[in-house]
Each structure stands twice: as C-alpha cells, then as structure tokens.
Amino acid sequence: MKLSNVPAALALAAALMLCAYSCKPKNTANAVSADAAQKTYVPPGKYDEFYDFVSGGFSGQMSVYGLPSGRLLRVIPVFSVDPQAGYGYSEESKPMLNTSHGFIPWDDLHHIEASQTNGEIDGRWVFGNGNNTPRIARIDLSTYNTAEILELPNSAGNHSSPFATENTEYIVAGTRFSVPPDNADGDVPIDSYKKNFLGTISFVSVDKNSGNMKIAFQLKIPGINLDLSHAGKGPSHGWFFFSCYNTEQAHTLLEVNASQRDKDFIMAINWKKAEEYLQQGKGVKQQVKYAHNVYDEKTQTATSTIETEVTVLDAMALPGIAYMMPCPKSPHGCDVDPTGEYIVGSGKLAALIPVLSFSKMMNAINNKKFDGTYENIPVLKYEDVLYGEVQKPGLGPLHTEFDGKGNAYTSFFISSEIVKWNIKDLKVLDRAPTYYSIGHLSIPGGDTKKPNAKYVIAYNKITKDRYLPTGPELAQSAQLYDISGDKMQLILDFPTIGEPHYAQAIEASLIKDKSKKFYDIMQNENTYAAKGEPNAKVVREGNKVHVYMTAIRSHLAPDNIEGVQVGDEVYFHVTNQEQDWDIPHGFAIKAASTAELLIMPGETRTLKWVPEKVGIYPFYCTDFCSALHQEMSGYIRISPKGSKVPLAF
Ligand code: K7E
Ligand code: RUQ
Ligand code: CUA
C-alpha cells in the first residue's frame, strides 16, 4: 500500500458517503403520480399481471411478488436454510446445500435471470447465483422449488452471474475475485497476486429438456475482477460482455489502487470461438472438486455429487476468444440493448455513460486495429468501439435496462434516481428520484430481445424515512414506476426480503397455468413414502428407527410410538396423503433440534432426531389444516438406552 494514496482514499470514501446520506432527490413532491392508487390496485381475489422474482441478497432466498400490487406471493428457499419450508433441515433437501467445503447453509443470492428461448423469456426456469461460495441455482417455475445447485471451481465471489445466452445454451458466471486456481498451491503470499491469481469465466450448459446444468468449459483470464455481464443477442449472439475493474490487479486498498486507471475494460468473449477450440481438443482437463446437487422430483430427494474435473481453455493463449474494450472508471453494469448492437457500460465513478457499438467492435477486430495487448489479450481503441457517450446523466451509474422502443433506463446510486435516455441520440429524456440509493432496476424482459415496458422497478439500498421506523434496521425497498407514457411515474413502494439485487418480472400469463397444484401420490417414489394409513409403521434397523408416518386431515399415523431409546437415530418420514391444492401438513416434535417439516400434498419429507433424554415427547402438525388441526398430534416415548420396552405403535 502506498501511503500517498491514503488521503485520496479517505476523500473519495467521504464523498461517496456524503452522497449516500445527503443526496435526497429533488422534486419529491410530484414524484408520486396522482392516479397511483388506481394503477396499483388489484382487487381482492384478482390476480396480478406479472410475477416478479426478486433476489434476496444476504437472506439467501428468492422472493416472488405480484405486480403491480407489490403483494408478496412466496419466498423460495435457495441458498439458505428455511425453517418455514424445512429446506436444509429435511433429509430430502439437505444435500442441496452441500459444497466441496461441506454443508454451507447460507449464501448471498445476488442476481436472477430467467431462461430464454430466441432471446425471449420462456418461463421455464429462473437462475440465481450464490455470490459467496460460488454456486448457481436453478428454480423450476412449475413447482417453485430449487431444482439444482451447481458449485463453481476456480472461482470466488461469483458476482458476474448467472446471465443467459439467447437460447439458454449457457448460463455464464465470471469470478469477481481472482484467486489461485483450485489445483494450485493456495498457500502463497497475497502480494504474489500478479503471479499466482487468475480470473475464471464458467460456461454452464443447460439441457434443453431437463434443465440440468453442467460446466461445459471454463475460460482462464487475467487476474482482474469481473463485475457484471450480459450476453450478446441478434447480431452479437455468440458473444458475451463483461465489465472488469481492478485491471491494475491490486490486492490492497482496492478503492484507491483499483481505481487508478482512467479506463478499465469491458471484455468481449467470443464463446462460439471458444466452442471451436473445445472441439479441436484445445481444452485442458483440470482436477478440481465441486458439488453438483440435483433434486429428483420422482424420489423427491436431493442428491449431492462431488465432481472432479473441468475443461479449461486459456483465453490469454488462444487467439480470438477475448478482446478488451476500454470503458471509463470502474465499470459496474454491463448491459446489451434488445437489438444486440449497443453495449452500455456504467463506470461507477464516471460522470457519463459510454455506449459501445458491436458493429464497430467487429470492424476493429476484423481490421486488426489494436492498441497493444493486456496480458496477451488484444486491446481495442476506445474511439474505435465507442458509439457515443451520454453526457452528465447523473452520479454513479450502475445498471441499465431497456424498453425495446429505443430507450434505456439507468440507475444512479449516488444521485438516487432513474434516468431515461434515448439510445440513438444519447439524450436524457426524463429522470425520476428513487428513495434512496438505487442498485439494480428491472423492466419485465428488460435485458432480453423483447421487453414488456409497462413498468420499471427500482431496488433500493437505503430506506430511511420511507416506512414506519422499526429500530436501526428497515426493510429494503422496491419502487414501481409506470413507464407506459413519456414520463416515469412512481406508483408504489413495497418492502423486500433481504437485499434485492437483480430481479426478473415475468408476465403471469406465461407461467401461471403450469403451476403445480399438488404431487400425484401414486408417482411418489420416495423410498420411505407411506401411501395410505394402513401402510403407516415403525421399523427398527439396529439403532435406526424409521417411522413411516401418514398425514391426512386430521390424523397423524402412527400417533403413539413406544420402544424408542435415547441415542437412537429416529427418522420421521411423513407423507402427506392429500390430493388437493394448497393443503400442506406440517410436522414438529418437542426438543428436536431441527426445524419443522412442511409437506406438500403427495410429498414425503423426513425429519431426523436423535433423542438425548428419557421422556414423553409430543409431536404435532404445524400447519392449520382443518377444523380438527389441533387434534393432529401424537406422542413418542423415549426410554433409556438398552430398555426392554418393545417397539409398539
Ligand atoms: Cu449492482 Cu452486486 Cu448486481 Cu447489487 S450489484 S446493486
Ligand atoms: S390455533 S388459527 Cu394455534 Cu387458535 Cu391458530
Ligand atoms: Cu395437518 Cu394441521
């Protein structure tokens, strides 16, 4: 660390903080549109027009809201254990949270991306990235379950993720932290960064039918920080664009040392070229360890497999895969417009928005107009790839979404506003304040070829005085704007679960009818399913006791269990016998250190309990399911180890 940098760092930090706390946007009074109530009113019993899948940030979960009402419809457990659903507590779901580092019941679910076909949202799956221990999750949009979680090796801080190519050929993930590759000796001095640390981009293929993910290949890139990315589309299909900061490759005092250059890069990756190299056998097999967790709908059980190999292509050694396009000051967002021609970078510290041109980039590449190399990767000239700059748009541009009518909407963290601008002439058309410090914003389909630009939703970092005070912590806030006219109109504030980053809103008509109502119990292949109360039983195998329990309004069977001893491993396999929509049963037992189970109709869920003390323990259904719900209960008697009490139920 150079000492001379310290005052500069402090000054910068102070400036940014000042802004976050004092930049209360102007024209607060007329921000809310007069007919807001009408525009967001969805009468009781009526459905919303959009589902909004919102990242939960450090809550690790994904939440689903209805728009325009802002109703919270569901929280889907993904990267964190969830007591409500028993996710991460039931034996069936525990393997979902396995990693090569063991069971990790928390992550930072950062960005959401919907699957696409022909560059349009197809309503099959949404993907979320675990930012901390690099993972990608796939959520099924008929069951709203986390169907798959894939860990990424050679990676750390999986931030530039999980963005999809036009036909979801790949979900792409770039590492935010460069690290020594997993198969290298990691015990190296941190100041050997430039020598030992590398960046990685993972191309995860997605099976068209099953959705199953697989790391098709990884690209080895210089030790820079990848921040965000988006796929090319239309003419730029086959390319992927990444914002990069810290091209200085600093490893201390990043806020200064990684912000020295006037320009960092947007890296363009030609993944079709990478595929060619792969076919020519230019990939190098590398031994690594990463978990691949799949939930099987038939057995209703997740399995975790530790995979041991990835194929790596070196983008610094194989020409034609990577190019660097200069982009002002620490770019954050990296967004491609619906035509696929314009690439918008957002320099967090820049006072302008650069718009790069794909066709100009191709010209420069085809004419080999390079301005030297960066770690062997050709660098293009800013002037050669620049379409133009939006001048003085606001402070701290972060992310851009598109309306498909030639306009772009950019979020400004520091000046707390959304700015609408025209792509063709780069003129600012409108600005609307956000409360406060907006991060991402999203328009339904706003990062696809076909946006449905009825609304833009702001996801804000700071809530302050917008809600009734609830102690030092306030819920983060989302704000809904009507953008069907020329001017943006704020029509609703609604709180979010955890810290929202990116989100994807999907037209309800596309997915609502395929939403599963219950599981067919006859198709339930869980090894421990009990179908019908006569099949309820208790089986002892050594010190393991398996309780095959049935739940139906309003009875748990068996409801009296004896002959179980301290130190036994007791497995309550509870099968919900109902075959009707929205009739779950719950299950909890006194003193069991795990959470409850919540069992959907036709489903089996297992709670493991190792009793430690002699006694009588009641258990009961936790979900108020009928007038006789309180009667849905029972007792288990725990006897001392070695007791002669016979097994009875
Ligand atoms: Cu801008 Cu981590 Cu996508 Cu949040 S990131 S804001
Ligand atoms: S019971 S409806 Cu516990 Cu009165 Cu709740
Ligand atoms: Cu079943 Cu309450």
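The values are calculated or read from the model by the stated rules, or taken from the named source; none is laboratory data. Since we're looking at a predicted model, the values are computed, not measured. Methodologically, a virtual Cβ is constructed for each residue, glycine included, from the backbone with ideal geometry; neighbour enumeration extends over all protein chains shown.
Listed values, structure above:
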read-out: Matching residues in the stretch 374-390 - criterion: being in a strand (DSSP E or B) and either buried (at least 20 other Cβ atoms within 10 Å of the Cβ) or in contact (Cβ under 8 Å) with a residue 40 or more places away in the chain (or both); value: Tyr374, Ile377, Pro378, Val379, Leu380, Tyr387, Val390
read-out: Residue that is surrounded by fewer than 24 Cβ atoms within 10 Å (Cβ to Cβ), at pLDDT 90 or above and of a type outside the set (D, E, K, R), where the choices are Gln280, Gln260; value: Gln280
read-out: Candidates Ala432, Ala350, Ala364, Ala408, filtered to the one that is part of a loop (DSSP other than H, G, I, E, B) and crowded, with 19+ Cβ neighbours inside 10 Å; value: Ala350
read-out: Lone unmet requirement of (1) of a type in the set (A, V, I, L, M, F, W, C); (2) in the same structural domain as Asn460 (by TED's automatic domain parsing); (3) within 21 Å of His440 (Cα to Cα) for Ala114; value: (2)
read-out: Positions within the stretch 176-197 being touching a Pro at 6+ places or on another chain (Cβ under 7 Å) and either part of a loop (DSSP other than H, G, I, E, B) or acidic (Asp, Glu) (or both), in sequence order; value: Asp182, Gly186, Val188, Phe197
read-out: Residue within the stretch 531-549 that is more than 16 Å from ligand 1 (Cβ to nearest atom), crowded, with 22+ Cβ neighbours inside 10 Å, more than 32 Å from the chain's Cα centre (by Cα) and not hydrophobic (A, V, I, L, M, F, W, C) present; value: yes
read-out: Filter result (of a type outside the set (Val, Ile, Thr) and either assigned to a strand (DSSP E or B) or out of contact with any Ser or Thr (no Cβ under 7 Å at 6 or more places or on another chain) (or both)) within the stretch 391-402; value: Gln391, Lys392, Pro397, Leu398, His399, Glu401, Phe402
read-out: Residues within the stretch 68-94 that are among the hydrophobic types (A, V, I, L, M, F, W, C) and either in a loop (DSSP other than H, G, I, E, B) or over 26 Å from Cys621 (Cα atoms) (or both), tallied; value: 4
read-out: Which listed residue is more than 14 Å from Phe241 (Cα to Cα), over 16 Å from the mean Cα position of the chain (by Cα) and surrounded by 24 or more Cβ atoms within 10 Å (Cβ to Cβ), from Asn183, Asn196, Asn154, Asn167; value: Asn154
read-out: Tally of residues being closer than 25 Å to Asp182 by Cβ and touching a Lys or Arg at 6+ places or on another chain (Cβ under 6 Å) across the stretch 131-170; value: 5
read-out: Of the criteria (1) under 25 Å from Asp403 (Cα atoms); (2) in a loop (DSSP other than H, G, I, E, B), which one Glu525 fails; value: (1)
read-out: Selection status of Lys24, in a loop (DSSP other than H, G, I, E, B) and either surrounded by fewer than 16 Cβ atoms within 10 Å (Cβ to Cβ) or modelled with pLDDT of 50 or more (or both); value: yes
read-out: Those residues of the stretch 412-442 which are under 16 Å from Ala453 (Cα atoms) and of a type in the set (Ser, Thr, Tyr), in sequence order; value: Ser442
read-out: Qualifying position, being part of a loop (DSSP other than H, G, I, E, B) and at pLDDT 95 or above, among Asn129, Asn154; value: Asn154
read-out: Of all residues in the stretch 597-634 being aromatic (Phe, Trp, Tyr) and more than 17 Å from Tyr548 (Cβ to Cβ), the one that is farthest from ligand 3 (Cβ to nearest atom); value: Tyr617
read-out: Selection status of Val610, among the aliphatic types (A, V, I, L, M), in the same structural domain as Gln579 (by TED's automatic domain parsing) and away from ligand 1 (no atom under 16 Å from the Cβ); value: yes
read-out: Filter result (touching a strand residue (DSSP E or B) at 6+ places or on another chain (Cβ under 6 Å) and part of a strand (DSSP E or B)) within the stretch 95-119; value: Asn98, Thr99, Leu109, His110, His111, Ile112, Glu113, Ala114, Ser115, Gln116
read-out: Selection within the stretch 435-451 - within 16 Å of Ala408 (Cβ to Cβ) and assigned to a loop (DSSP other than H, G, I, E, B); value: Ile443, Pro444, Gly445, Gly446, Asp447, Thr448, Lys449, Lys450, Pro451
read-out: Within the stretch 418-428, tally of residues that are in a strand (DSSP E or B) and either within 24 Å of the chain's Cα centre (by Cα) or more than 19 Å from Leu480 (Cα to Cα) (or both); value: 3
read-out: Condition met for Asp430 (within 18 Å of Glu401 (Cα to Cα) and without any contact (Cβ under 8 Å) to a residue 12 or more places away in the chain); value: no
read-out: Counted residues, the stretch 84-111 - those being under 18 Å from Val126 (Cβ atoms) and either within 16 Å of ligand 2 (Cβ to nearest atom) or among the aliphatic types (A, V, I, L, M) (or both); value: 3
read-out: Selection count, the stretch 328-338, where residues are touching a Ser or Thr at 6+ places or on another chain (Cβ under 9 Å) and either at pLDDT below 95 or farther than 14 Å from Leu398 by Cβ (or both); value: 7
read-out: Matching residues in the stretch 603-643 - criterion: being within 11 Å of ligand 2 (Cβ to nearest atom) and exposed (fewer than 12 other Cβ atoms within 10 Å of the Cβ); value: Phe624, Ala627, Gln630
read-out: Odd one out for Ile136 among (1) among the β-branched types (Val, Ile, Thr); (2) in contact with a helix residue (DSSP H, G or I) (Cβ under 7 Å, 6 or more places away or on another chain); (3) buried (at least 24 other Cβ atoms within 10 Å of the Cβ); value: (2)
